[in-house]
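Shown next, in structure tokens, is the structure this report addresses.
Only the coordinates and a few stated rules stand behind these numbers; no lab work does. Quick caveat, the model's predicted, so the values are computed rather than measured. Cβ sites come from the backbone with ideal geometry, for glycine too, and all protein chains shown count toward neighbours.
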Amino acid sequence: MTDKKARTVKAFVFIDALGWKQAERYDFLREELPNRRPVEMQFGYSCTAIPTILTGKRPSEHGHLAFYDWAPDASPFRAMRFVAPFLRPRSFWRRGRVRNVLSRLVKRAYGFTGYFQLYSIPLERLPKLDYCEKRDMFAPGGMGPIPNLADTWGAQGLRWHVSDWRRPEGDNFDIARDLLAKGAVDRAFVYSAAFDALQHDCVGRDEALRPKVEAYADRVRSLHDALAASGRPFELTIFSDHGMTPLRGTADIPAALAATGMVWGRDYACAVDSTMARFWWLREDSRATAEHALADMPGRWLSRAEMEENGIWREDCKFGDAIFLADPGVQFCPGDMGVKPLRGMHGYDPRDEDSLACWLSTAPVPARVRRVCDYFAAMTE
Ligand SMILES: [Zn+2]
């Protein structure tokens with residue numbers, strides 16, 4: 001690395017769900033960040049995009065697509081099989097507040113350091129499932145054996161700062177601003193996730209979104225001022241993982257499967273995420289039965305070529321033997337992620353225009369930045 005490059009401070013701000021369409025609609029920091037490009041999202045959710053951003057690898061390599069996978073022999077929750085049958089009535093154990101408390105207890109009991117939530121997973125299925133985010137992905141070694149951003153910046157001899165994802169995002173901006181103003185770091189990664197939650201509830205409602213977008217603009221301007229005040233050459237970049245697609249309908253996958261008479265865990269297994277149902281076939285004829293049951297549902301089965309192109313094909317079928325993807329705007333509800341639809345969702349075809357992420361920067365956009373998996377190389381080159 002040349003001296004000049006080492007001296008250039010680079011700050012990257014991640015704003016979850018600030019899609020290309022939202023950045024354009026609100027003319028987000030166009031003056032300060034004139035170099036702008038729509039970016040193809042990583043197929044999946046934020047829990048797919050973030051490990052991709054932190055490593056430059058795709059799910060086929062880093063193993064994170066959705067939170068829960070069928071893994072009867074590897075499930076960390078196997079002991080729960082003795083407990084789950086006694087957790088009754090089931091309606092009580094499905095309540096949101098009960099789930100939150102239970103999630104905290106399970107996280108502590110298993111020593112998970114990553115983000116953990118039970119969502120609406122039926123508890124009796126838990127002993128057959130594995131959870132992908134058991135470790136803190138941001139911490140050094142957190143994606144081992146794959147080096148993550150902290151590992152890589154450390155190995156490059158840079159002074160780095162990566163936000164603590166557990167903290168309120170306002171703190172994350174303040175901490176980064178102070179470090180940058182003091183000239184204490186060469187690289188910073190600022191994490192913010194509140195815009196995702198807001199958009200899930202309020203997509204399309206300008207009166208709710210505009211004030212939040214303006215608050216982010218102020219935060220970013222103060223980072224910009226801090227960088228300018230430090231007297232060193234700098235680059236400031238905002239990027240996101242995906243956009244948000246307004247709700248256009250729901251589909252009840254569990255009901256369609258129940259009507260076939262197939263039994264979960266005996267004939268098939270599936271995880272019903274918000275926009276994809278992932279299947280593992282435990283009997284030969286289960287695939288045909290499921291295909292027939294979902295024939296009129298608003299979605300489609302992904303081909304192997306499409307899975308490979310999206311970086312989610314694995315020989316070990318960790319993510320499923322087959323994936324049924326919802327049409328843009330359709331939410332699989334009820335499902336394992338929730339029982340009520342949200343106003344907006346993401347996790348559709350990456351080529352859908354509502355799915356597009358964005359890269360906005362003071363510096364020219366690197367030619368290689370076309371997809372979310374390209375951010376890592378641009379942050380670490
Ligand atoms: Zn989200």
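What to note about this one:
- Couplings 3J(HN,Hα) of the stretch 122-128, computed from phi: x, 4, 5, 8, 3, x, 9 Hz, in residue order, whole Hz [Karplus 6.51 cos²θ - 1.76 cosθ + 1.60, θ = phi - 60°; x for Gly and Pro].
- Applied to the stretch 372-381, the Karplus parametrisation 6.51 cos²θ - 1.76 cosθ + 1.60 on θ = phi - 60° returns per-residue 3J(HN,Hα) values of 4, 5, 8, 4, 4, 4, 5, 7, 10, 6 Hz, with x for Gly and Pro.
- Gain in span if fully extended, F82 to A255, counting 0.36 nm per residue against the direct Cα distance: 59.6 nm
- Rounded to the nearest 20 debye, dipole of the stretch 70-131 from Cβ charges on Lys, Arg, Asp, Glu: 340
- Rh by Kirkwood over Cα pairs, then Stokes-Einstein D for the stretch 201-259 at 0.692 mPa s and 37 °C, µm²/s: 210
- Highest-MSF residue in the chain out of R88, R99, R210 [GNM, Cα springs under 10 Å]: R88
- Largest GNM mean-square fluctuation among H242, H224, H292, using the chain with Cα springs under 10 Å: H292.
- Spherically averaged projected area of the stretch 117-235 from its Cα convex hull (nm²): 10.1
- Rg/Rh, computed from the Cα trace of the stretch 250-341 with Rh as the Kirkwood radius, has the value 0.94.
- Annotation: amide H of E235 within the under-5 Å range of V9, K10, A11, sequence separation 5 or more or interchain, hydrogens built in the peptide plane.
- Phi angles of the stretch 283-298 translate, via the Karplus equation with coefficients 6.51, -1.76, 1.60 and θ = phi - 60°, into HN-Hα couplings of 9, 4, 8, 5, 4, 4, 5, 5, 4, 5, 5, 9, 4, 9, 6, x Hz per residue; Gly and Pro are given as x.
- For the chain, modelled as a GNM whose springs connect Cα atoms under 10 angstrom apart, the maximal fluctuation among D164, D27, D130 occurs at D27.
- Given charges at beta-carbon only (K, R positive; D, E negative), |dipole| of the stretch 1-156 in Debye: 660
- Debye, to nearest 20: dipole size of the chain, +1 on Lys, Arg Cβ, -1 on Asp, Glu Cβ: 1080
- Alpha carbon convex hull of the chain, projected area averaged over orientations, nm²: 18.8
- Maximal additional length on extending the R205-D164 stretch stands at 11.8 nm, based on 0.36 nm per residue less the C-alpha distance.
- Only helical runs count toward this figure. For the chain, summing -39,500 (n - 2.57) over DSSP H runs of n ≥ 4 and dividing by all residues gives -9000 deg cm²/dmol at 222 nm.
- Long-range amide H partners of V162 with built H, under 5 Å: F189
- Bridging of K134 to aspartates and glutamates at a Cα separation below 17 Å is possible for E61, D69, D73, D164, once same-chain residues fewer than 8 apart are set aside.
- Subtracting the Cα-Cα distance of H292 and E308 from their residue separation scaled by 0.36 nm leaves 3.3 nm.
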